[in-house]
Amino acid sequence: MPRSRLSGTFLTPKVDVVIDMGNPFLNLALDGFIKIGAVAVTRVAAEDAYYAVKSGNISSGKLEHSLKKMCKEGAYWGTVAGVYAGMERGVQRIRGTRDWKNAMIGGAMTGLVISAASNNNKNFIIVDAITGGAIATAAEFINYLT
């Protein structure tokens, strides 16, 4: 059976913003907040720009709505990423080892904390904790493959 393989690298510029909070744990959480928050803002901006061009209607009301949505999504996903980065690092420090279990525990704790903070009922909190652990573990395994 014929097989093919795509091989190569993508060279992308790397931008790092360093804000020293005086604690490596806080630095890691802030880094996650900024990076993932920026991704969420960019996603909302691209999505809303597409719909504005598609509809041909750009108004100040829609622009204001887009800006509010960008801030809300950026803050939400940035917070989730910051909490996850902090949780995973904390678990790593407590366990004294770096492996996929840290991602699983950190993801589960993040799902639990974010869900509890959003006032979900008890059943959703457990489901969100399981989902967070599963997503973080899957992402960690995918990182091992690449």
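Every read-out reported here was derived from the displayed coordinates using simple, explicitly stated rules and does not represent laboratory data. In this text, all values refer to a predicted model and were calculated from it rather than measured experimentally. Heads up, the Cβs are rebuilt from the backbone with ideal geometry, glycines too, and the neighbour counts pull from every protein chain shown.
Quick notes on this structure:
- Table column - 3J(HN,Hα) (Hz), the range 87-94, Karplus curve with 6.51, -1.76, 1.60, x for Gly and Pro: 5, 4, 5, x, 5, 4, 5, 5
- Note on Cα Rg over 2.2 N^0.38 Å: of the candidates [x] 1.29; [y] 0.97; [z] 1.36, the value calculated from this structure sits at [x].
- Of all lysines in the structure, the ones whose alpha carbon falls short of 20 Å from that of K72, not counting any fewer than 8 places away in one chain, are K35, K62.
- Rounded to the nearest 20 debye, dipole of the chain from Cβ charges on Lys, Arg, Asp, Glu: 280 debye
- Summing Lys and Arg as +1 and Asp and Glu as -1 over all other residues whose Cβ lies under 13 Å from the Cβ of W77 gives a net charge of +3.
- Distance in nm between pseudo-label sites at A52 and N120 (7 Å out along the Cβ direction from Cα): 3.3 nm
- Inter-part distance, the range 35-52 to the range 125-143, computed on C-alpha centroids, equals 24 Å.
- Were the residues from F25 through Y144 laid out at 0.36 nm apart, the gain over their Cα-Cα distance would be 40.5 nm.
- Options G90, T146, M70, ranked by Cα towards positive dipole end of the chain, top entry (Cβ charges): T146
- Dipole of the range 14-90, positive end: most advanced residue of A81, V18, A45 [Cβ charges, Cα centre]: A45
- Projecting the Cα atoms of A134, G56, N119 onto the charge dipole of the chain (Cβ charges, centred on the Cα centre) puts A134 farthest toward the positive pole.
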